[in-house]
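Trainee: Just passing along the structure, written as structure tokens.
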Amino acid sequence: MRMSKLFFQTLREAPADAEIASHQLMLRAALVHPIAAGIFDYLPLGHRVKHKIEQIMREEMDAIGGQEVTLPIVHPAELWERSGRWSAIGDDMARLKDRNGRDYCLGMTHEEIMAELAQTVVSSYRQLPFVLYQIQTKFRDEPRPRAGTIRTREFTMKDAYSFDRDQAGLDAFYPRIYQAYFDIFRRCGLEVVAVESDTGMMGGSMAHEFMALTPVGEDTLLICDACGYSANRQIATFRKPAPPVAAPAPLAEVYTPNITTIATLADYLGIAQSETAKAVFMIAEISAENGAPREQFVFAVVRGDMEVNETKLANAVKARRLRPATTEEIRAVGAEPGYGSPVGIARAKVLLVVDDLVAATPNLVAGANRVDYHLRNVNSGRDYTPDLVADIVAAADGYACPKCGAALRSVRGVEVGNIFKLGTMYSEAMGATFLDENGQSKPIVMGSYGIGSGRMMACIIEHHHDELGIRWPITVAPYQVIIVDLGTEKTPEVTAVAERIYNDLRALGVEVLLDDRDERAGVKFNDADLLGIPLRLTVGGKGVKSGALELKLRRNGEVREIPLAQAAPAIQEIIEAEFALIRATLKPEPLA
RNA sequence: CGGGGAGUAGCGCAGUCCGGCAGCGCACAGCGUUUGGGACGCUGGGGUCGUAGGUUCGAAUCCUAUCUCCCCGACCA
């Protein structure tokens, strides 16, 4: 491609509303163009990168037996009503009506459509298993798009779905897609960690998220450097300290004027925060077996030095969602904000959930449900009886690893992919069943597996850039080589050499960009750096005279001399070596 | 949805307090000089000042409403 013909315009300054590096660089390098919050055009350079990433996904999915399909973006409401998600999902789903007033939505994901397809096509166990995938636009009306293409409303996703006759089949496939995902990310030059993730109310049995570690990430992960344990903070567990052993002491009220926080309480009484219990009030929306969901007041108790993990709490009480209770709601159950305690509340009105550590710890200080008073020596079982004892505490930096006990490290990451053992929830809802050898009708066991390509592109840039611009891995770069032609009207022989090498490279199938613009050297070098083309060949008077051209690697700044006469094959060889470096990063990733 | 910030040319910004010809830099077009790390000179094109009302002789500027975008949080199949 000649840069004089390329549709692009680099920016010297990034638009003011772009804050993170990848967003700024994607705009400055003319990869994307925003047209609304979380909605982007992909320009020729960005499109090429996105397409390469998707091609790698395609190859790896095909390699594990995936078959590519294209499902629609606009879905009839009826399919989503069958799974219950038409009403379960709120404003994140964009809905529309056709001319006849029928309801449709824009696809946020395709479990329903895939299951419907399986329902239609599959009737026998002989047709199973199989894997379908597509690379398709999704739309989720996110409340807050952010960070360029990391969180958008419209995005492209590679979503795959597996269909097995039983759980064993799914269990056998799962490690294969787990490995394929690592291979996809590594081929794109993106190092990720896989963490266990929440299966939530989807009814699945196992799920992993593939996280690109970066400070701009929106998820918090806990990682054990000693044994490799890693999990999303939403579900991360940890080894709780052993509770002290002591005989229950008599309950005693203590005057604590204006003490409403754990920190001031511990200070005031001269005790550790770990010797207190903290009450957290939530309202859970719980699906009833039949009929409308109901609201349930949830009274959660954790040790004072720990935080409630809302995901764990929601899972423990089987809530669809949780929200903080209002002051009025808290008083209505006999509790007092700031002085909350499980002792003496209107037990009939609340679901009392107590963290297992609190339940096992004697003589904690808790509120008295009365302004300015707390209680000493509160003991679970004696002073109150929990409805539920469960682990509802959020793991945090430095807590003990649940597997080996070493200190966990908390890091930020962006979820670039996820894999999920769905089970039979969707196949049952959509009637996707098959007959087994015995003529028994059974639901197909499904899994779903997604990767966002635009998000991945941004993460690759987050990992591969410097102050000058992007440093694309060779596998996903929009072009592999850029030739900087420094010839002028007075040195047509220089331009002639650049043109010759350009044609030689194209003939070899190399993806090459020729900077034939009437620009000064500095502009061309700076644009080459900004665009991040892995190899830069400079063709100028010096090189043409000496017969040795300068080839510079963008990823590390290394400069090599290559013979003018054999430039194209020499460059092709270097490109091959760059690919080999990426291939060398691939390795087995057994599922722990 | 709560909190904060911002809308003036493709991008970065000034002008707004205190109403009086819509500006600067980059980018873009033409000419000339230049030519191995973002050249210089001259000339030029491009803006309903987010939108709609209002006040005023006169509104980018004051008032009211509204829309959009960004950041933090909540939320996130």
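Trainee: For a quick check of your reading of the model, give me the residue pairs whose first member lies in region A:142-155 and is on the phi < 0 side of the Ramachandran plot and within 6 Å of RNA strand B (Cβ to nearest atom), whose second is assigned to a strand (DSSP E or B) and not aromatic (Phe, Trp, Tyr), with beta-carbon atoms closer than 6 Å and at least 6 apart or on different chains.
Mentor: A:Pro145/A:Arg151
Trainee: Same structure, new question: Looking only at region A:1-32, which residues are among the basic types (Lys, Arg), more than 11 Å from RNA strand B (Cβ to nearest atom) and in contact with a helix residue (DSSP H, G or I) (Cβ under 9 Å, 6 or more places away or on another chain)?
Mentor: Selection gives A:Arg2 alone.
Trainee: Now a separate question. Filter region A:31-58 down to the residues that are crowded, with 20+ Cβ neighbours inside 10 Å and closer than 19 Å to A:His465 by Cα and list them by number.
Mentor: Within region A:31-58, A:Leu31, A:Val32, A:Leu45, A:Gly46, A:Val49, A:Lys50, A:Lys52, A:Ile53 meet the criteria.
Trainee: Oh, and also: Take A:Pro250 and tell me if it is more than 26 Å from A:Glu310 (Cα to Cα), surrounded by fewer than 12 Cβ atoms within 10 Å (Cβ to Cβ), touching a strand residue (DSSP E or B) at 6+ places or on another chain (Cβ under 8 Å) and not β-branched (Val, Ile, Thr).
Mentor: Spelling it out, A:Pro250 is indeed more than 26 Å from A:Glu310 (Cα to Cα), surrounded by fewer than 12 Cβ atoms within 10 Å (Cβ to Cβ), touching a strand residue (DSSP E or B) at 6+ places or on another chain (Cβ under 8 Å) and not β-branched (Val, Ile, Thr).
Trainee: Given (1) exposed (fewer than 14 other Cβ atoms within 10 Å of the Cβ); (2) of a type outside the set (Ser, Thr, Tyr); (3) part of a helix (DSSP H, G or I); (4) more than 12 Å from RNA strand B (Cβ to nearest atom), identify the lone condition not met by A:Asn556.
Mentor: (3)
Trainee: Write out, first by first residue and then by second, each pair whose Cβ atoms fall under 7 Å of each other, whose residues are 6+ apart or on separate chains, and whose first residue, in region A:501-528, is acidic (Asp, Glu) while the second is open to solvent by 10 Å² or more (accessible area, probe 1.4 Å) and near RNA strand B (Cβ under 8 Å from one of its atoms).
Mentor: Once the first residue is acidic (Asp, Glu) and sits in region A:501-528, its partners that are open to solvent by 10 Å² or more (accessible area, probe 1.4 Å) and near RNA strand B (Cβ under 8 Å from one of its atoms) give A:Asp527/A:Thr10.
Condition check ((1) modelled with pLDDT of 85 or more; (2) open to solvent by less than 10 Å² (accessible area, probe 1.4 Å); (3) of a type outside the set (A, V, I, L, M, F, W, C)) across all residues:
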position: A:Gln296; (1), (2), (3): no, no, yes
position: A:Ala325; (1), (2), (3): no, no, no
position: A:Asp355; (1), (2), (3): yes, yes, yes
position: A:Val371; (1), (2), (3): no, no, no
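Trainee: Looking at region A:88-103 only, could you name the residues that are open to solvent by less than 100 Å² (accessible area, probe 1.4 Å) and within 12 Å of RNA strand B (Cβ to nearest atom)?
Mentor: A:Ala88, A:Ile89, A:Gly90, A:Asp92, A:Met93
Trainee: Residues that are aliphatic (A, V, I, L, M): which helices (runs of 4 or more DSSP H) entirely in region A:224-337 hold 3 or more of them?
Mentor: A:262-269, A:310-316
Trainee: Further, regarding this structure: Are any of the residues in region A:123-134 in the same structural domain as A:Ala77 (by TED's automatic domain parsing), under 22 Å from the mean Cα position of the chain (by Cα), open to solvent by 30 Å² or more (accessible area, probe 1.4 Å) and within 14 Å of RNA strand B (Cβ to nearest atom)?
Mentor: For region A:123-134, residues in the same structural domain as A:Ala77 (by TED's automatic domain parsing), under 22 Å from the mean Cα position of the chain (by Cα), open to solvent by 30 Å² or more (accessible area, probe 1.4 Å) and within 14 Å of RNA strand B (Cβ to nearest atom): absent.
Trainee: So which residues in region A:396-436 are within 19 Å of the chain's Cα centre (by Cα), buried (at least 24 other Cβ atoms within 10 Å of the Cβ) and over 30 Å from A:Pro129 (Cβ atoms)?
Mentor: A:Gly413, A:Val414
Trainee: Still on this model: Would you check if there is a residue in region A:345-368 being more than 27 Å from the chain's Cα centre (by Cα) and among the polar types (S, T, N, Q)?
Mentor: Within region A:345-368, one or more residues are more than 27 Å from the chain's Cα centre (by Cα) and among the polar types (S, T, N, Q).
Trainee: Take region A:488-507 and flag every residue that is within 15 Å of RNA strand B (Cβ to nearest atom), open to solvent by 20 Å² or more (accessible area, probe 1.4 Å) and either within 25 Å of A:Gln9 (Cβ to Cβ) or not assigned by TED's automatic domain parsing to the domain that holds A:Val559 (or both).
Mentor: A:Thr488, A:Glu489, A:Thr495
Trainee: Quick check on my filter: what residues within region A:357-383 are closer than 23 Å to A:Ala325 by Cβ and of a type outside the set (A, V, I, L, M)?
Mentor: Selection gives A:Gly367, A:Asn369, A:Arg370, A:Asp372, A:Tyr373, A:His374, A:Ser380, A:Asp383.
Trainee: Here is a check on your reading of the model: is A:Gly439 open to solvent by 10 Å² or more (accessible area, probe 1.4 Å), near RNA strand B (Cβ under 10 Å from one of its atoms) and under 30 Å from A:Thr424 (Cβ atoms)?
Mentor: no
Trainee: Among the residues of region A:383-437, how many are among the charged types (D, E, K, R), in a loop (DSSP other than H, G, I, E, B) and over 30 Å from A:Met306 (Cβ atoms)?
Mentor: The qualifying residues number 2.
Trainee: Checking A:Asp466 against (1) more than 10 Å from RNA strand B (Cβ to nearest atom); (2) more than 30 Å from A:Pro215 (Cα to Cα), which test does it fail?
Mentor: All conditions are met except number (2).
Trainee: On to the next question. Do we have any residue at all in region A:131-150 that's under 30 Å from A:His47 (Cβ atoms) and among the acidic types (Asp, Glu)?
Mentor: yes
Trainee: Also, quick follow-up: Has region A:15-23 got any residue that is hydrophobic (A, V, I, L, M, F, W, C), over 21 Å from the mean Cα position of the chain (by Cα) and open to solvent by less than 50 Å² (accessible area, probe 1.4 Å)?
Mentor: Scanning region A:15-23 turns up no residue that is hydrophobic (A, V, I, L, M, F, W, C), over 21 Å from the mean Cα position of the chain (by Cα) and open to solvent by less than 50 Å² (accessible area, probe 1.4 Å).
Trainee: Restricting to region A:473-487, name every residue that is more than 10 Å from RNA strand B (Cβ to nearest atom) and either assigned by TED's automatic domain parsing to the domain that holds A:Ile150 or of a type in the set (Gly, Ala, Ser) (or both).
Mentor: A:Ala477
Trainee: While we're on this one: Restricting attention to region A:508-551, which residues are among the basic types (Lys, Arg) and open to solvent by 40 Å² or more (accessible area, probe 1.4 Å)?
Mentor: Within region A:508-551, A:Arg517, A:Arg520, A:Lys542, A:Lys545 meet the criteria.
Trainee: Tell me yes or no: at least one residue of region A:158-181 is part of a helix (DSSP H, G or I), touching a residue at least 24 places away in the same chain (Cβ under 8 Å) and among the acidic types (Asp, Glu).
Mentor: Yes, region A:158-181 has at least one match.
Trainee: Take region A:33-50 and flag every residue that is within 19 Å of A:Arg140 (Cβ to Cβ) and within 12 Å of RNA strand B (Cβ to nearest atom).
Mentor: A:Pro34, A:Ile35, A:Ala36, A:Ala37, A:Gly38, A:Ile39, A:Phe40
The values are calculated or read from the model by the stated rules, or taken from the named source; none is laboratory data. Bear in mind that the values here come from a model prediction, so they are computed numbers and not experimental data. No Cβ is skipped: glycine too gets one built from the backbone with ideal geometry, and neighbour counts run over all protein chains shown. Ligands, DNA and RNA are excluded from the accessible area calculation, which covers all protein heavy atoms including side chains. Shrake-Rupley method; radii C 1.70, N 1.55, O 1.52, S 1.80 Å.
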